[in-house]
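Comments concern the structure below.
Where a number appears in this text, it was derived from the coordinates with a stated rule and is not lab data. Computed from a prediction, not measured in an experiment: that's the story for all the values here. Every residue, glycine as well, gets a Cβ built from its backbone with ideal geometry; the counts of neighbours run over all protein chains shown.
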Amino acid sequence: MIAKLPPFRFSVDQYDRMIEMGILDKDDRVELLRGEIVPKMPSNPPHAGIINRLNRLLGPQVLGRAIPGVQNPIRLKDSQPEPDLSVLRPSPDDYGTRHPTPADVFLLIEVSESSLDRDRDLKAPLYAENGVTEYWIVSLDNHTVLVHRDPRPDGTWAAVTARTRGETLDVAALPGVSVAVADVLP
């Protein structure tokens, strides 16, 4: 009988050191999720186009109030995901000396084509457990945006709504910042 050993889990500090030492680099499309180094889904033109569109729509609205980020790391307890978009509290150095933490986050967004299960079933609970206040999943397959708000420590969200064309997405922490779902989805 062969004993099944649990997988080795990396800490965020160990993961950062692997990047600093060149063991992992920008060409390694990976992120740290719950202590495991996992591959990131490849980006195709529709996925990249939605990221660009959201950045173009949200960027001017948050100017001076927040920092928009594209595929930049967020430091969590046991993870360092790289959401497709982030809207962050202002930082004097634009996060040039550290990665943002949940306290720095107004909104995280994942664009999902083939990654809906991972974004909904793995990342949504992860973000809730860590206290990220708002998380959107733009589902290209379902033509909806799942809006998660009011995280709970058990990994659930008090409010999850599906928004479709004809509805508006507003950033709860930034009054006046909103986009129409029809402007986001192709």
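Between Leu63 and Ser11, the contour length at 0.36 nm per residue exceeds the Cα-Cα span by 15.3 nm. Take the Cβ atoms of Asn72 and Ala180, set R0 to 30 Å, and the FRET efficiency comes out at 0.75. Farthest towards the positive end of the charge dipole of the stretch 42-184, among the residues Asn130, Ala103, Val160, is the Cα of Ala103, using unit charges on the Cβ of Lys, Arg, Asp and Glu.
Put simply, the amide H of Glu134, placed in the peptide plane, has neighbours under 5 Å in Leu108, leaving out anything fewer than 5 places away on its chain.
Converting phi to 3J(HN,Hα) with the Karplus coefficients 6.51, -1.76 and 1.60 and the offset θ = phi - 60°, the stretch 162-175 yields 9, 9, 10, 3, x, 10, 10, 9, 10, 8, 4, 7, 10, x Hz in sequence order, with x at every glycine or proline.
If you look for lysine pairs in the chain that are eight or more places apart or on different chains, how many of them have Cα atoms under 25 Å apart? For the chain, the number of qualifying lysine pairs is 6. Couplings 3J(HN,Hα) for the stretch 138-153, derived from phi with the Karplus relation 6.51 cos²θ - 1.76 cosθ + 1.60 (θ = phi - 60°), are 8, 9, 5, 5, 9, 6, 9, 10, 8, 9, 9, 9, 6, x, 10, x Hz, where x marks Gly and Pro. Cα centroids of the stretch 140-186 and the stretch 86-105: 22 Å apart. Computed from label points 7 Å out along Cα-Cβ, the spacing between Asn142 and Val160 is 0.8 nm. Taking amide H as placed 1.01 Å from N in the peptide plane, Ser112 has its amide H under 5 Å from the amide H of Val138, Ser139, Leu140, each at least 5 places away in sequence or on another chain. In this Cβ point-charge picture (+1 for Lys and Arg, -1 for Asp and Glu), the stretch 72-168 has a dipole of about 200 debye about its Cα centre.
If only the Cβ of Lys and Arg carry +1 and only the Cβ of Asp and Glu carry -1, the dipole of the chain around its Cα centre is close to 160 debye.
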